[in-house]
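Structure first, then comments.
The values are calculated or read from the model by the stated rules, or taken from the named source; none is laboratory data. All values reported here derive from a predicted model rather than from experimental measurement. Cβ placement follows ideal geometry from the backbone for every residue including glycine, while neighbour counts extend to all protein chains displayed. Keep in mind that these areas ignore ligands, DNA and RNA; they rest on the heavy atoms of the full protein, side chains included. Shrake-Rupley method; radii C 1.70, N 1.55, O 1.52, S 1.80 Å.
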Amino acid sequence: MTEASYLREKLESISPTERVERVVVQRFAVPLLKALGFDDSEIREEFETGCGQVDLAARKNGDPEDTFFRSPKNPYLLLEAKSRAVNLREGSCYRDAVCQIESYLLAKNCKSAKWGIITNANNIQLWRKHGKVVHPATANLDISSDNIESIVRNLRDKIENYERALTVCVYNNKGGVGKTTTVINLAAALATKGKKVLVVDFDSQGDLTRNLRAAPGKITLTQCLKDPKIDVHAIVQTYRL
Ligand SMILES: Nc1ncnc2c1ncn2[C@@H]1O[C@H](COP(=O)(O)OP(=O)(O)OP(=O)(O)O)[C@@H](O)[C@H]1O
Ligand SMILES: [Mg+2]
């Protein structure tokens, strides 16, 4: 039996109205971490983050002397579990859990942590930490026994093949509220700090391009997205601050 099908079986053994968090930890969260590729010696319960205890922490072992179980330092992934009685689909309990995983990921004993998971065996969401920014790496997903195996594949794929760049989208439905201005100044601030920055002007008004005094290229971003034969590098321009 694969770890993922074992997880599915465990999931089905939890009562739909389960009120005990520990049951979710034991029957769902631990098997989930195993399905994500961590073994028993790579998982710790009630890990002290420096800002409270997170239910589970995990990291791959180094050499045989350096097992996470024996030296619980430098976690890679944190998991905060809730019982099924806690609504993690939306509302204040969900928002509280998000704040909780964020504060754990940023806590002093978790500097090495890159990933956070919140789950109550009904919902699950993966979070990514990039520097001091914690952002969702997946939508808040509804779990069922039909989709749990594909959820695990998706989470594992994200964790093992993560994108190194942080994507920031500045979005507001209202016009003229400072979106473009924010993008330019954020890009400038990051470039000043030595970061490699790509700004993307997806607005037909072309304000970002004009404000940077860049000339629009011959090929548009839209053409590039529509035609897979166009290499995206052909539309990227170098900009000197
Ligand atoms: N913090 C600010 N204080 C004062 N003026 C600002 C500030 N931020 C932006 N502006 C001014 O507000 C105007 C609109 O800003 P901007 O073009 O960035 O908005 P936008 O949301 O990108 O607009 P659009 O919806 O047209 O794309 C500009 O003239 C800009 O200089
Ligand atoms: Mg704009």
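Sorted by average packing, counted as other Cβ atoms within 10 angstrom per residue and highest first, what order do 131-140, 48-57 take? If you can, show how the numbers build up before the last one.
Values: 131-140: 13.3, 48-57: 18.5.
Highest mean packing first, the order is 48-57, 131-140.
Is segment 119-241 rounded, prolate or oblate when judged by the Cα gyration tensor, a ≥ b ≥ c being the square roots of its eigenvalues, rounded requiring a/c under 1.5 and prolate requiring a/b larger than b/c?
Values: a/c = 2.13, a/b = 1.80, b/c = 1.18.
Judged from the Cα gyration tensor, segment 119-241 comes out prolate (a/c at least 1.5, a/b above b/c).
Which residue, chosen from ASN120, VAL168, ILE184, occupies the Cα position most advanced towards the positive end of the dipole of the chain, where the dipole is computed from +1 (Lys, Arg) and -1 (Asp, Glu) charges on Cβ about the Cα centre?
Value: ILE184.
Amide H neighbours of ILE230 under 5 Å, at least 5 residues apart or on other chains, H built in the peptide plane: list them.
none
Using alpha carbon coordinates only, what is the Rg to Rh ratio of segment 179-241, with Rh defined as the Kirkwood radius?
Working: Rg = 12.4 Å, Rh = 12.7 Å.
The Rg/Rh ratio comes out at 0.98.
Residues in segment 104-143 near a label at TYR171, defined as backbone nitrogen under 16 Å from the 7 Å Cα→Cβ point?
Under 16 Å, as judged by backbone N against the label point of TYR171, lie 135-141 of segment 104-143.
Against the longest principal axis of the chain, how steep is helix 91-105, in degrees 0 to 90 to the nearest 10, with axes from Cα atoms?
Approximately 90 degrees, to the nearest ten.
Kindly express, to the nearest 10 degrees and within the range 0 to 90, the angle between helix 179-192's C-alpha long axis and the longest C-alpha principal axis of the chain.
Taking Cα atoms only, the helix is inclined about 80 degrees.
Considering the convex hull of the alpha carbon atoms of the chain, report its projected area averaged over all viewing directions, in nm², one decimal. Walk me through the numbers on the way to the answer.
Details: hull surface 68.1 nm².
Approximately 17.0 nm², given one-decimal rounding.
Determine the dipole magnitude for segment 1-72: charges of +1 sit on the beta-carbon of Lys and Arg, -1 on that of Asp and Glu, nothing else is charged, the reference point is the Cα centre, and the result goes in debye to the nearest 20.
Numbers: 10 positive and 15 negative charges, 51 e Å.
Taking the Cα centre of segment 1-72 as origin, the dipole is about 240 debye.
What ranking of ILE230, ILE14 comes out by heavy-atom accessible area, probe 1.4 Å, highest first?
Numbers: ILE230 40, ILE14 10 Å².
Order by accessible area, largest first: ILE230, ILE14.
Give me the net charge for the shell around LEU105: Cβ to Cβ below 12 angstrom, other residues only, Lys and Arg +1, Asp and Glu -1.
+4
Is the C-alpha gyration tensor of segment 165-213 telling us rounded, prolate or oblate? Criteria: a/c under 1.5 is rounded; beyond that, a/b larger than b/c is prolate, otherwise oblate. Could you put the intermediate results ahead of the total?
Working: a/c = 1.92, a/b = 1.56, b/c = 1.23.
In terms of gyration-tensor shape, prolate.
Convert each backbone phi in segment 213-227 into a coupling constant with the Karplus relation 6.51 cos²θ - 1.76 cosθ + 1.60 (shift: θ = phi - 60°), then list the ³J(HN,Hα) values in order as whole Hz, x for Gly and Pro.
Those phi angles translate into 6, 9, 8, x, x, 6, 9, 8, 4, 4, 4, 5, 5, 7, 10 Hz.
Where in segment 196-234 are there trypsin sites (Lys or Arg not before Pro) that are in a DSSP coil and have at most 15 other Cβ atoms within 10 angstrom of their Cβ? The partial results should precede the final answer.
Numbers: sites: LYS196, ARG210, ARG213, LYS218, LYS226, LYS229; in loops: LYS196, ARG213, LYS218, LYS229.
Counting only loop positions with at most 15 other Cβ atoms within 10 Å, the trypsin sites (Lys or Arg not before Pro) in segment 196-234 are LYS196, ARG213, LYS218, LYS229.
First select every other residue whose beta carbon is under 12 angstrom from the beta carbon of GLU46; then total the charges, Lys and Arg +1, Asp and Glu -1.
Details: positive: ARG22, ARG44; negative: GLU21, GLU45, GLU48, ASP55, GLU80.
That works out to -3.
Rounded to whole Hz and in sequence order, give me ³J(HN,Hα) for segment 41-56 from the Karplus expression 6.51 cos²θ - 1.76 cosθ + 1.60, θ = phi - 60°, writing x for Gly and Pro.
Taking θ as phi minus 60°, the curve returns 6, 10, 10, 10, 8, 6, 7, 7, 7, x, 9, x, 8, 8, 4, 9 Hz for segment 41-56.
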